[in-house]
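Heads up, the thing below is written out as structure tokens.
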Amino acid sequence: MRLPFLSGRAVEEAVSPERAVEAVREAFVAFARGEWTMPPKVYVPAYPAGDFRAMPALGGGHALLKWVTSFPDNPAQGLPTVMGVVLVSDASNGVPRAVLDAGAVTALRTGAAAVLAAEIVGRPDAETAAVIGAGVNGRATAKTFVARGRRPLLWDVDEARACAVAEELGCGVAGSRGDALAADLLVTVTPGREVLLGPGSLRPGQHVSLMGADGPGKAEIAVEELARVRVLCDDWEQASHNGDLVHAVEAGVVAREDVTELGAVLAGAAEGRRSPEETTAFDSTGLAIQDLAIALAALERLETLEGVVEVET
């Protein structure tokens with residue numbers, strides 16, 4: 001059997017940031033309604049260097065398995081932090097349909113989820129946006145903001161990297177991390193090794209999409225701050241075990257009834273922003289249903305893509 005393999009470049013060519021937001025929105029709603037299913041993500045630790053993850057999902061007539069890595073120190077060795085493959089199969093007969101580059105799929109859905117959450121629960125009159133972290137996923141987030149009509153400020157510990165991404169996308173560079181943290185719509189896309197948002201740091205009406213704490217031991221926000229604000233997440237079961245939420249849950253300051261899933265808001269089953277002064281935080285751990293949505297969007301364009309190769313199985 002020969003399977004099409006979509007490289008990272010092919011995935012980016014197939015799925016625009018706008019299409020990614022639309023696809024991820026549809027996946028959240030389908031999951032909230034029970035139309036798509038997602039068994040738990042499996043972590044295979046290789047600490048302290050990083051970890052491997054196996055992520056399955058079923059929906060839209062297809063099944064998906066993503067085998068992906070997270071090795072935060074890889075860029076210093078000239079290697080990507082995120083590497084792996086996405087396998088898509090026909091759910092009616094089990095026949096494999098395609099293999100896709102996991103890094104590109106992950107970046108697209110990360111940017112889409114971050115910006116979607118900011119648009120849905122951020123203030124409608126928000127004026128400024130910022131992205132902290134200008135790696136692959138931070139770049140994808142900034143690119144998605146731009147596609148949606150915003151020019152975010154970028155900040156990164158590597159100033160040259162932030163400047164390069166800003167120049168590429170036509171964004172600005174924040175003068176300091178504090179300037180970026182003050183944005184009306186904030187997205188943090190860091191390795192999750194440092195708490196960026198301490199107690200009392202978020203102001204009334206501000207929104208933050210927390211994208212970096214997607215595994216054990218990671219955190220981008222203090223427990224006290226998470227307990228103080230309105231919290232949303234991508235999936236309670238996953239976020240309460242491997243996201244920023246886990247620390248607040250273990251401390252006993254946040255419970256299930258305190259947290260709203262974004263899919264429920266999008267499906268009309270839960271409230272979004274409740275007042276202009278409400279401070280909101282979206283805890284994202286990355287869902288396989290999002291990967292499936294991006295993969296299916298890419299396969300819609302399969303016949304028109306150039307440079308797709310076939311692999312023998």
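The values are calculated or read from the model by the stated rules, or taken from the named source; none is laboratory data. Predicted model, so just to flag it, every value in this text is computed and none were measured. Note that we place each Cβ from the backbone using ideal geometry, even for glycine, and neighbour counts take in every protein chain shown.
The table below gives the values:
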| quantity | calculated |
| --- | --- |
| Check on residue 105, on the phi < 0 side of the Ramachandran plot, surrounded by fewer than 17 Cβ atoms within 10 Å (Cβ to Cβ), among the hydrophobic types (A, V, I, L, M, F, W, C) and in contact with a helix residue (DSSP H, G or I) (Cβ under 7 Å, 6 or more places away or on another chain) | no |
| Filter result for residue 172 (outside the structural domain of residue 71 (by TED's automatic domain parsing), closer than 30 Å to residue 247 by Cβ and at pLDDT 95 or above) | no |
| Flag for residue 47 being of a type in the set (Ser, Thr, Tyr) and under 19 Å from the mean Cα position of the chain (by Cα) | no |
| When residues of the range 177-207 are limited to those that are among the polar types (S, T, N, Q) and either more than 18 Å from the chain's Cα centre (by Cα) or in the same structural domain as residue 73 (by TED's automatic domain parsing) (or both), the one surrounded by the most Cβ atoms within 10 Å (Cβ to Cβ) | 206 |
| Filtered residues of the range 45-78 (kept if modelled with pLDDT under 95 and either in a loop (DSSP other than H, G, I, E, B) or aliphatic (A, V, I, L, M) (or both)) | 46, 47, 48, 49, 71, 72, 73, 76, 78 |
| Criterion: out of contact with any Leu (no Cβ under 7 Å at 6 or more places or on another chain) and assigned by TED's automatic domain parsing to the domain that holds residue 6 - qualifying residue of 88, 82, 99, 115 | 82 |
| Selection within the range 23-39 - of a type in the set (Gly, Ala, Ser) and in contact (Cβ under 8 Å) with a residue 12 or more places away in the chain | 23, 27, 30, 32 |
| Lone unmet requirement of (1) surrounded by 20 or more Cβ atoms within 10 Å (Cβ to Cβ); (2) in contact (Cβ under 8 Å) with a residue 40 or more places away in the chain; (3) among the hydrophobic types (A, V, I, L, M, F, W, C) for residue 68 | (2) |
| Breaking point among (1) modelled with pLDDT of 95 or more; (2) within 19 Å of residue 86 (Cα to Cα), for residue 2 | (1) |
| Among (1) out of contact with any helix residue (DSSP H, G or I) (no Cβ under 8 Å at 6 or more places or on another chain); (2) under 28 Å from residue 299 (Cβ atoms); (3) among the hydrophobic types (A, V, I, L, M, F, W, C), the one test that residue 164 misses | (2) |
| Residues of the range 1-44 satisfying the condition of being charged (D, E, K, R) and in a helix (DSSP H, G or I) | 9, 12, 13, 18, 19, 22, 25, 26 |
| Single residue of 128, 110 found to be out of contact with any helix residue (DSSP H, G or I) (no Cβ under 8 Å at 6 or more places or on another chain), closer than 19 Å to residue 162 by Cβ and at pLDDT 95 or above | 128 |
| Test: residue in the range 264-272 that is hydrophobic (A, V, I, L, M, F, W, C), farther than 27 Å from residue 54 by Cβ and either surrounded by 21 or more Cβ atoms within 10 Å (Cβ to Cβ) or in contact with a Leu (Cβ under 8 Å, 6 or more places away or on another chain) (or both) | yes |
| Count - residues of the range 250-263 that are buried (at least 18 other Cβ atoms within 10 Å of the Cβ) and in contact with a strand residue (DSSP E or B) (Cβ under 9 Å, 6 or more places away or on another chain) | 5 |
| Search result, residues across the range 149-176 that are part of a helix (DSSP H, G or I) and over 19 Å from residue 114 (Cα atoms) | 159, 160, 161, 163, 164, 167, 168 |
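To keep it simple, each residue is scored yes or no on (1) in contact (Cβ under 8 Å) with a residue 24 or more places away in the chain; (2) surrounded by 14 or more Cβ atoms within 10 Å (Cβ to Cβ); (3) of a type in the set (Phe, Trp, Tyr); (4) under 22 Å from residue 120 (Cα atoms).
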site: 1; (1), (2), (3), (4): yes, no, no, no
site: 16; (1), (2), (3), (4): yes, yes, no, yes
site: 21; (1), (2), (3), (4): yes, yes, no, yes
site: 41; (1), (2), (3), (4): yes, yes, no, no
